[in-house]
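Please read the structure below before turning to the comments.
The values are calculated or read from the model by the stated rules, or taken from the named source; none is laboratory data. Given the structure is predicted, the values throughout are model-derived calculations rather than measurements. Heads up, the Cβs are rebuilt from the backbone with ideal geometry, glycines too, and the neighbour counts pull from every protein chain shown.
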Amino acid sequence: MDPKTDPLIPHEKILGYLSLIGKRISSCLSANNIIEEINDNINDILDADVFSIGFHKEDNNSIEFTSTIEKGKKLPPHFISLSNKNHYAVLCFIQQEKIIINDFDLDFNKYCGDLQIQTMEKTESAIFLPLINREKPIGVITVQSFKKNAYNDYQVEIFRNLANYCSLALQNIDSHWRLESVNEELKNVQDKLIIQSKLAGLGEITAGIAHEIQNPLNFVNNFSEVSQELLEEMKEELLKGEYRQAVAIFDDIKQNLDKINAQGKRADSIVKGMLQHSRGIPGQKEPTDINALAEEYLRLAYHGLRAKDKSFSATLKTDFDESIGKIEVVPQDIGRVILNLLTNAFYAVNEKRKLWVQNYVPTVTIKTKKNKDRVEIIVGDNGNGIPQNVIDKIFQPFFSTKPSGQGTGLGLTLSYEIITQGHDGELKVDTREGEGSAFKIYLPL
């Protein structure tokens, strides 16, 4: 007896097979996987000499059967134009109605014309059902047998349930790839915003960089001019035979060249730091003087703000623990964090300055401290502080306390990721409304 038609086969067992197929195809992420999964299991519930799913293609107004399985063998893909009204699949799709054939020679004229089924052998029985996704027809699913009267009402209902599972699985696929597309689009937007945030930070310090780089350039120019004069003097002494005096001048020139070399390297390091900051190049951890790094970015941030607003001034306070020495960090990343915190601090004191608070002196502090197995970097200000109702949101992406258009809302988020994920550290904030804030970086030694 055929288990698909044998009345002694329990209904619960058939439903168990059907449920199993439904669970398996619901986890598929491609139509081909759905077809393969159904084909592997459909003979447990139906006589399926042929099984196929066709999908509507709007570009050429056809139904595409990419994977038709006949007795376990895959047939070549084929298209059926929707203008071909003498085809079961087209008729089923257009009318969105089931088509049941149990004796091809007797039943084909119930529909219309010379309906043909593209199989290697002659099909005697067939079920065609439309596939619906979000109330829109998307294709046709069919099961066929080379036997007559292969499908009774019970088998038709079983296949209808399978078609419903298939529609839900296709809807899941559609939803998955829609979500993937949205996520990719959001990722692209976030990447662009991150780049904008980094470039905004670069803009904040551009004037500061110009100010800082001017000092080594002045040294190079001055010592070059002095060295040229000394060379002339040395030439005169040599011509006079005063070799001892010439050697003394030579030593002076050598010292000048050493100073020119040192100042050139200083300018080079400033430019490299600027390029790393703008490009976001993934850096390597290296021994870094945290105190020097903090002091450098304090000057860069302050001069950058002063270049944009000549009326602004603030008291800068530093308190560096000289016992720290050098620690292993990615210098451009930690510099980016310090710059962001300092920029926010200067913004906070500048906003409070505009309120004309009596006897108010804008003050920004930066401190370092070695505490057992970690180093603390504290950036503080005496601005207006952060409201308590938003304190839990400040590290969330795209959240900003600044007016619209004045911040991306990514500065603190990126800083938090750099410290916590990139350096296994912590970033915390202490704040009091009306009195100021202190951001605390904790880096493990």
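From the set of residues in segment 249-262 that are among the aliphatic types (A, V, I, L, M) and surrounded by 15 or more Cβ atoms within 10 Å (Cβ to Cβ), which is nearest to Glu296 (Cα to Cα)?
The qualifying residue nearest to Glu296 (Cα to Cα) is Ile260.
Which residues, counting only those in segment 305-347, are under 20 Å from Ser437 (Cβ atoms), touching a residue at least 60 places away in the same chain (Cβ under 8 Å) and over 30 Å from the mean Cα position of the chain (by Cα)?
Listed by number, the list holds a single entry, Leu305.
How about segment 80-100: which of its residues are assigned to a loop (DSSP other than H, G, I, E, B) and surrounded by 15 or more Cβ atoms within 10 Å (Cβ to Cβ)?
Listed by number, the residues that qualify are Leu82, Asn84, His87.
Can you tell me which residues in segment 52-62 are closer than 26 Å to Phe146 by Cβ and under 37 Å from the mean Cα position of the chain (by Cα)?
Ile53, Gly54, Phe55
Here are Ile34, Ile80: which of them is out of contact with any Asp or Glu (no Cβ under 6 Å at 6 or more places or on another chain), within 14 Å of Ile173 (Cβ to Cβ), in the same structural domain as Lys122 (by TED's automatic domain parsing) and touching a residue at least 24 places away in the same chain (Cβ under 8 Å)?
Being out of contact with any Asp or Glu (no Cβ under 6 Å at 6 or more places or on another chain), within 14 Å of Ile173 (Cβ to Cβ), in the same structural domain as Lys122 (by TED's automatic domain parsing) and touching a residue at least 24 places away in the same chain (Cβ under 8 Å) holds for just one of Ile34, Ile80, which is Ile34.
Rundown of residues vs (1) part of a strand (DSSP E or B); (2) surrounded by 13 or more Cβ atoms within 10 Å (Cβ to Cβ); (3) modelled with pLDDT of 75 or more, yes/no style:
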| site | (1), (2), (3) |
| --- | --- |
| Thr5 | no, yes, no |
| Lys13 | no, no, no |
| Leu18 | no, yes, no |
| Gly22 | no, yes, no |
| Asn33 | no, yes, yes |
| Glu37 | no, yes, yes |
| Ile53 | yes, yes, yes |
| Lys74 | yes, yes, yes |
